[in-house]
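A quick write-up on the structure given underneath.
The values are calculated or read from the model by the stated rules, or taken from the named source; none is laboratory data. All values derive from a computational prediction rather than experimental measurement. Cβ coordinates were reconstructed from backbone atoms using ideal geometry, including for glycine residues, and neighbour counts include every protein chain displayed. Just so you know, the surface numbers come from the protein's heavy atoms only, side chains and all, with ligands and any DNA or RNA stripped out. Shrake-Rupley method; radii C 1.70, N 1.55, O 1.52, S 1.80 Å.
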Amino acid sequence: MAEPKAVDQLTLAEAKDEIGPLRQQISQWGREYYEQDNPSVEDFVYDRAYQRLVDIEQRFPALVTPDSPTQRVGGQTNGNLPKVSHTIPMLSMGDVFSADELFDFNKRQQDNDQMTEEEPAYNLELKIDGLSLSVVYENGKLIQASTRGNGEIGEDVTKNVQLIKDVPKVLPEPLSLEFRGECYMPKQAFAKLNEKREAAGDPVFANPRNAAAGSLRQLDSRITGRRQLATFMYYVPEWRKLGVTTQDEALQRMRELGFSVNPTNRVVRSKDDIQQYITEYTAKRDQLPYGIDGIVEKVNDLATQDALGATVKVPRWEIAYKFPPEEQATIVHQIEWTVGRTGNVTPTAVMDPVQLAGTTVSRASLHNPDYLQDKDIRIGDTVYLHKAGDIIPEISRVDKTKRPADSQPYRIPTQCPVCGSTLVHLDDEVALRCINPMCPAQIKEGLAHFASRNAMNIDGLGPKIINQLWEKSLIHDFADLYQLSHDQLLTLDKFGEKSATNLLTSIDNSRHNSVERLLFGLGIRHVGAKAAQLLAEHFGSLDAVMTANANEIAAVDNIGPTIGDSVATYFANNEVDALINKLKQVGVNMDYLGQRSAEVAAQAGDSPWNGRRVVLTGTLAKMTRRQATDWLTAHGAKVTGSVSKKTDLLIAGEKAGSKLTKAQKLGITVWDEDKFSREIEEEH
Ligand SMILES: [Zn+2]
C-alpha cells in the first residue's frame, strides 16, 4: 500500500480532491460497521482513514461540511427494531493512538478552567470490545434496554437483554436510574459461534464486537438467548442519585447493586502510573477472556466531569487510548482444502510460521471460496495476519506490492480434494460442498461425530483411531463399529489388551443409548442434539420418525419445515434404510428411553397431572425448584411463573410470599411441600 502524502504537505486542491472519496469511503465503512455488523476492513484501517479526515479538516476548515462523518456520532439504527430516544444522549468517545497523544490530551484538558487540580486523579478502565448498552430501572426493576444507535435514538433491545444472564432484572434497592456499559461476547463463545457458522456454511463474524452486535440486535430473542452475551457496566449519567462522587465509587456501587463491573479499573494521578497501566494491559491483553481494544481514561471526580462537559460529539472528560494493531507479515505457501462432515469444503492458508499475540501461527482459515476471492489471496503472496478478537488468526490484507510478477489468481477447485467428485453450491450458500455420500473424508468426519460425547458417546474413539480403522478397512459405516473384534483392535498402533477392552466396552455400552443420541449421531443436516431430543421424545422410536412425513415432523413443537424436510429426505434414501437395518441387526437400541414430556404424556392421557397449571413458590427443602419443575412437566403439568385465575394449584415452600396471598384470595388449591412429595411417591 502506497503511503498517502502527509496532511501538512497537501495543497488545498489536493485536499479537495481527496476529501470527497475519503468521506464516501469512511461513510461506507461506517455503515458496514454500525448498521450491518459486517465490516470489510479492520478497525485500525477505519481509524486511520478517519483520523486523516479529521487532520485534513483541521488544516482546511473551509472544507468541513455538515454531512461529513466527523460531524456525526457513529451508528444508525438498523430499521427493524423499535426505537428508543435517549433522554441523555449517548455520546461516542474521542480516541488517541499513542501514549504521547494521550498525554497531550491531558495537558490540554488540564488547561481547561474547569480543571481545579494540577494533577487530577484519573480512573483507568479497559475498553471492552463490544457495543454500548443502556439499561433503565424503575423502582429497581429493569424496564428498558437499548443500544446507542446514533446517540440520540437507539434500538429497543429490552426483550433480548432480559436473556443476558449477568444483567440484574431486579436491583436490591428501588432505584429509578439509567446505567450504561458494554455488551460483549467472550472470546471462547465467539470462537465457538464462528466454528458453528462455518460448519453450517454461514458467513462468519469478523470479530467479537460484530458478533455481539449481531446477536443483541435480533428481532428474535431466542437467538440472543443462545448466544452467551455478557456485560460490563461502567457509567451512571445521573450519578448524584447513587450518592457517589467519583467514578471508582460509582463502579463500586454498581458492583454492590449486582451489575457485572470489570475488576481492572485503577485510579492514578501520575504520567508514570498511566504509562504503567497501558504497558501492563498491552501485555495481558491476549490472556483476558474478553476482547479489549484499548484503555479508557476518565477524570475520576464526577462533578469535574460534568463541569468539563462535552463538545458536539465527544465528552471532554474521557478519552480512549487505542492499542496499536498487532499484525505480522508472512508468505502464503499453500491453500489446503478440507472436507467436513456435512461435505462443507473449506480453504485454509498455510504460511511461514510467525509469532502473533503470544502464539506461533502458520495456518488461517479462509472460510469459503468467496472470502478467498474477495481478498484475492494467491500462493506466494505476502499477507498481513492478525488475530480476530485476539484469538482467531486471520489474514487482514494482501500486500500487493510484494506480489510475484508471475502470480496467478487462485483457482477454486471444482472437485473434492478427497474423493474427486464435482463440488457444488447448495441453494444460496457461500459454502462449497462435496455431496458424494461415500466421500471418505465425510464418512470419517461422520464417524467421529457419531462417536462424540453428545452423540453415541463412545469414549476412546477419536479421529486418530477412526482414521486407522478406516485405513485398515475395518470400518466403512457406523454399524461396522459394533462388529469390531478384540483381535482387530490389537492391530492398531499403540493398542494393548487394556485399550482394546476399554474401547469394546464403550462401543458395547453405546448400544443401549436412548435413541436421541443415535438420531443426532447420524448427522442429519440441521438436526442438532436438541432437535434430536425433541424428535425422539415426540415419536418415541426411530421407526416412528422414519415413517413420519415432512409435515408431521415439521409440526413437532420447535422443529419446523427446514428440519422436517431434511429428516424426511434423509430417511427416504435406500442406503440410509440399509444402514439402519444393519444397526438394528448389531443390536443398537432404536427406542426413546427418557421420561415422557408434558406433551406426550398429555396425548397419552395417563397422568392425573395432565394439563394442570401449577405455580411453584417459596423455598423447597427436599428438591430444587428445577427438579420440581422437571418432574411436573414430565407428568404433563404446565408450570407457570405467576398466579392467575387459570392456575389450578400452587405449591408453596417455606417463606412463600405474595403468590401465596394471591392464590388464597383467588381460592386456588394450595399444597405445602409435604403434600407434594407424598403425591410424587404415590405416582411412582
Ligand atoms: Zn468428497
Mean-position separation - Cα centroids, the range 10-31 and the range 458-486, in angstrom | 61
The range 497-571: mean projected area of Cα convex hull, nm² | 5.1
Hey, can you find the accessible area per residue of the chain for me, probe 1.4 Å, expressed in square angstrom?
-> 49
Hey, can you rank 105-114, 531-540, 91-100, 631-640 by average C-beta count inside 10 Å, highest first?
-> 531-540, 631-640, 91-100, 105-114
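Which percent of the accessible area of the chain is formed by carbon and sulfur heavy atoms (probe 1.4 angstrom)?
Carbon and sulfur together cover 49 percent of it.
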Multiply the residue separation of Q355 and E238 by 0.36 nm, subtract the distance between their alpha-carbon atoms, and state the gained length in nm to one decimal.
-> 37.5 nm
Simple spin-label estimate for I680/K165, 7 Å along Cα→Cβ, in nm, reads 2.4
Assigning unit charges at the beta carbon (Lys, Arg +1; Asp, Glu -1) and nothing else, what dipole magnitude in debye, to the nearest 20, does the range 328-424 show about its Cα centre?
-> 40
State the cysteines of the chain left without a partner when partners are defined as other cysteines whose beta carbon lies under 4.7 Å away.
-> C183
Hey, how many Å between the Cα centroid of the range 292-314 and the Cα centroid of the range 617-635?
-> 49
Rounded to whole Å and sorted largest first, what semi-axes of the equivalent ellipsoid does the C-alpha gyration tensor of the chain yield via the square root of 5 times each eigenvalue?
-> 50, 40, 22
Residues of type lysines that K444 reaches as a straight line, Cα spacing below 16 Å, ignoring anything fewer than 8 places off in the same chain = K464, K472
Over what distance in Å are the Cα centres of the range 332-369 and the range 531-586 separated?
-> 35
When the helices in the chain are scored as -39500 (n - 2.57) per DSSP H run of 4 or longer and the sum is shared across all residues, what 222 nm value do you end up with, to the nearest 500 deg cm²/dmol?
-> -11000 deg cm²/dmol
Would you work out the charge dipole size for the chain about its Cα centre, treating the Cβ of every Lys and Arg as +1 and the Cβ of every Asp and Glu as -1, and quote it to the nearest 20 debye?
-> 1420
Between S485 and Q287, how many nm apart are label points set 7 Å from Cα along the C-beta direction?
-> 5.5
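Please list S658, S134 from largest to smallest accessible area, probe radius 1.4 Å, with all protein chains kept in place.
S658, S134
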Given 0.36 nm per residue, what is the gain on full extension from S506 to I223 after removing their alpha carbon distance, in nm?
-> 98.3 nm
Could you name the aspartates and glutamates in cross-link range of K646, using Cα to Cα under 20 Å and dropping any fewer than eight places away on the same chain?
-> E599, D672
Ordering of 151-162, 487-498, 255-266 by burial proxy (mean other Cβ atoms within 10 Å per residue, highest first) | 151-162, 255-266, 487-498
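A 23 angstrom limit on the alpha carbon distance is what I want to check against. Which of K83/K645; K169/K313; K196/K584; K141/K659; K494/K584 exceed it?
Among K83/K645; K169/K313; K196/K584; K141/K659; K494/K584, the Cα-Cα distance tops 23 Å for K83/K645; K169/K313; K196/K584; K494/K584.
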Taking Rh as the Kirkwood radius, which is the inverse of the mean 1/r over Cα pairs, what is the Rg/Rh value for the range 7-71?
-> 0.99
Taking the mean number of other Cβ atoms within 10 Å as a proxy for protection, how do you rank 210-216, 468-474 from highest to lowest?
-> 210-216, 468-474
For the range 83-322, what is the convex hull volume of the alpha-carbon atoms per residue, in Å³?
-> 121
Just tell me which lysines come within less than 24 Å, Cα to Cα, of K284; anything on the same chain fewer than 8 places away is out.
-> K127, K187, K192, K271, K298, K322, K387
One finds, for S362 and D47 with R0 = 35 angstrom and r their Cβ-Cβ distance, a FRET efficiency to the nearest 0.05 of 0.80
